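The values are calculated or read from the model by the stated rules, or taken from the named source; none is laboratory data. Because the structure is a prediction, the values reported are computed rather than measured. Reconstructed Cβ throughout: ideal geometry from the backbone, glycine too, with neighbour counts over all protein chains shown.
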Amino acid sequence: MILNGNSTRGAITIQRSEAEKKEGLALVAKKLGITHHIKLGKGQLIQNHVESDHLLAETMEAIAGVTYLDGGFDNTKNQIAMWFDE
């Protein structure tokens, strides 16, 4: 049985969760002002991808990953907590 293009209610819940995560991370990225530090290609600039929630969320995930590789779990956890507390 297909519900709204998804096979189960669980799939809908996962998609909604992913969308909310992207919105939250995109808001953090905008709040931190990282958009002008992101390098984009000409096509992406023309299409204004710098304002894309998906791009901003992916960038924040990458920053968290680099923070983890550089400073470990505790430093990353503290940094992410500061992102959402500010």
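Some notes on this structure:
Yes or no, residue by residue, for (1) under 12 Å from the mean Cα position of the chain (by Cα); (2) closer than 20 Å to Lys22 by Cβ; (3) not small (Gly, Ala, Ser):
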| position | (1), (2), (3) |
| --- | --- |
| Gln44 | no, yes, yes |
| His54 | yes, yes, yes |
| Glu61 | yes, yes, yes |
| Asp70 | no, no, yes |
| Gln79 | no, yes, yes |
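- Search result, residues across the stretch 47-86 that are farther than 13 Å from Leu25 by Cα and among the small types (Gly, Ala, Ser): Gly65, Gly71, Gly72
- With respect to the stated conditions, Leu3 is among the hydrophobic types (A, V, I, L, M, F, W, C), modelled with pLDDT under 85 and more than 27 Å from Ala81 (Cα to Cα).
- Any hit, the stretch 15-22, residues being part of a helix (DSSP H, G or I), exposed (fewer than 13 other Cβ atoms within 10 Å of the Cβ), at pLDDT below 90 and polar (S, T, N, Q): yes
- If you go through the stretch 40-60 and keep only what is farther than 21 Å from Trp83 by Cβ and not in a helix (DSSP H, G or I), you end up with Leu40, Gly41, Gln47, Asn48.
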